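Here the structure comes first, spelled out in structure tokens, and everything after it is commentary.
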Amino acid sequence: MLAKEKMKLEVRPTGAALGADIVGVDLASFGDDEFALIRQALLDHLVLRIRGCNALDDVAFTRFAARFGEIKPSPDFTRSRPVYLTDAPLVTVISNVTENGKPIGEHGDGELNWHTDLGFTDYPSALTMLLAREVPPRGGNTSFANMYRALETLPEATRTRIARLKLKHQASHNAQGGKRPGYRDIETDDVREMPGPVHPIVRVHPDTRRAALYLGRRFGAYIPGLPLARSEALVDELWTHAALPENTWTQEWQVGDLIVWDNRCTMHRRDAFTGQGRRRMHRLTTKGERPMGAVADPVEYG
Ligand code: SIN
């Protein structure tokens with residue numbers, strides 16, 4: 001009997017500002033050489049899509065994700081509904097589906113505004129992976145922004161202005177403005193007083209060493225040291241620029257699509273799909289590092 005010919009792995013860029021399809025790989029069994037190509041494609045294209053992963057079970061999905069680094073789900077204080085799978089306990093569920101009167105996952109069916117995962121913690125997620133188990137017939141698309149490109153195409157005066165600035169990524173509210181479970185007691189609506197870590201606005205990617213614009217969530221974002229009105233005007237300028245269509249690419253989901261994205265150089269958002277049917281995504285995230293700035297912090301004397 002003839003041995004089945006092995007398909008060759010190919011990287012096919014979307015042609016937009018970011019994203020590429022990986023074809024010709026079986027994620028349940030692939031070698032180190034193929035993984036090296038996938039990892040390099042992620043560094044080059046920032047978001048990868050692997051279609052047809054319907055038969056990949058959650059244990060094999062976890063094994064694939066762990067090739068990239070230590071898997072670390074979001075801490076429970078940040079999560080509206082921590083749901084873990086019993087057979088693959090690091091996988092969490094994003095879904096609008098309710099079973100026996102209980103939601104089976106997080107985030108419902110509404111729009112999710114532009115954000116990057118766990119930017120509001122000291123160690124934001126490095127990578128996020130979603131495996132589509134059920135998708136609605138319409139809506140629920142996920143868009144991504146290339147934050148290297150967003151930085152490179154800013155007016156030079158803005159780039160100079162933000163080179164040493166930092167952004168407070170407030171932790172108490174989610175991207176839609178609702179309070180996070182761990183911060184129900186927070187009363188303030190003054191962004192200068194909301195708790196959260198301060199990260200450089202221009203972040204250097206630890207592997208590519210390229211500089212990217214690093215924005216978390218627009219709601220509650222504040223540039224420490226600036227008067228509120230100037231901070232608001234500058235963060236508005238940065239968000240509007242990053243989300244320009246020429247910086248983005250949109251994923252239209254099919255069942256079995258596996259998407260991997262790098263939070264250190266992308267942002268993402270999701271369209272609402274209210275009343276459009278069931279959507280169920282299985283999600284894994286890898287541990288990240290403290291964001292590093294492009295220029296050294298000024299030395300403080302005395
Ligand atoms: C997310 O923002 O983590 C979820 C994106 C999605 O549901 O497509």
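Structural remarks
- Counting charges near Arg159 (Lys, Arg +1; Asp, Glu -1) among other residues having Cβ under 12 Å from its Cβ returns a value of -1.
- Descending semi-axes in whole angstrom, ellipsoid equivalent of segment 143-209, from the Cα gyration tensor: 28, 14, 12
- The chain, helix-only ellipticity at 222 nm - DSSP H runs n ≥ 4, -39,500 (n - 2.57), divided by all residues, nearest 500: -5000 deg cm²/dmol
- Dipole magnitude of segment 154-286 about its Cα centre (Cβ charges: Lys, Arg +1; Asp, Glu -1), debye to nearest 20: 380 debye
- Here the gap between Arg192 and Asp76, fully extended at 0.36 nm per residue and compared with their Cα-Cα distance, gives a gain of 39.3 nm.
- Distance between the modelled labels on Arg184 and Thr240, one decimal in nanometres: 3.9 nm (7 Å Cα→Cβ projection).
- For the chain, the number of Lys pairs with C-alpha atoms closer than 30 Å, counting only pairs eight or more positions apart or on separate chains, is 12.
- Taking amide H as placed 1.01 Å from N in the peptide plane, the amide H of Lys72 sits under 5 Å from that of Thr285, Thr286, Lys287, each at least 5 places away or on another chain.
- Segment 10-285 - charge dipole about Cα centre, Lys and Arg +1 at Cβ, Asp and Glu -1, debye rounded to 20: 500 debye
- The solvent-accessible area of Lys168, taken with every protein chain present and a 1.4 Å probe, is close to 20 Å².
- Overall shape of segment 108-240 was characterised from the C-alpha gyration tensor. The equivalent ellipsoid obtained from it has semi-axes of 24, 21, 14 Å, in decreasing order.
- Difference of contour (0.36 nm per residue) and Cα-Cα distance, Ala229 to Met7: 74.3 nm
- For the chain, the mean projected area of the C-alpha convex hull, equal to one quarter of the hull surface, is 18.7 nm².
- Total charge dipole magnitude, segment 21-130, about the Cα centre, Cβ charges on Lys, Arg, Asp, Glu only, Debye to nearest 20: 140 debye
- Karplus-derived HN-Hα couplings along segment 183-194 (A = 6.51, B = -1.76, C = 1.60, θ = phi - 60°), whole Hz, x at Gly and Pro: 10, 4, 7, 5, 9, 5, 10, 8, 4, 5, 9, 5
- Tyr222, Tyr148, Tyr123, ranked by accessible area, largest first (probe 1.4 Å): Tyr123, Tyr222, Tyr148
- Paramagnetic label zone (point 7 Å from Cα along Cα-to-C-beta, Tyr123; backbone N under 15 Å) in segment 278-295: 285-292
- Each peptide in 54-66, 264-276 was scored by the mean count of other Cβ atoms within 10 Å over its residues; highest first, the order is 264-276, 54-66.
The values are calculated or read from the model by the stated rules, or taken from the named source; none is laboratory data. None of the values given here were measured: they were computed from a predicted structure. So basically every Cβ, Gly included, is an ideal-geometry build from the backbone, and we count neighbours across all protein chains shown. Note: areas computed on protein heavy atoms with side chains; ligands, DNA, RNA excluded. Shrake-Rupley method; radii C 1.70, N 1.55, O 1.52, S 1.80 Å.
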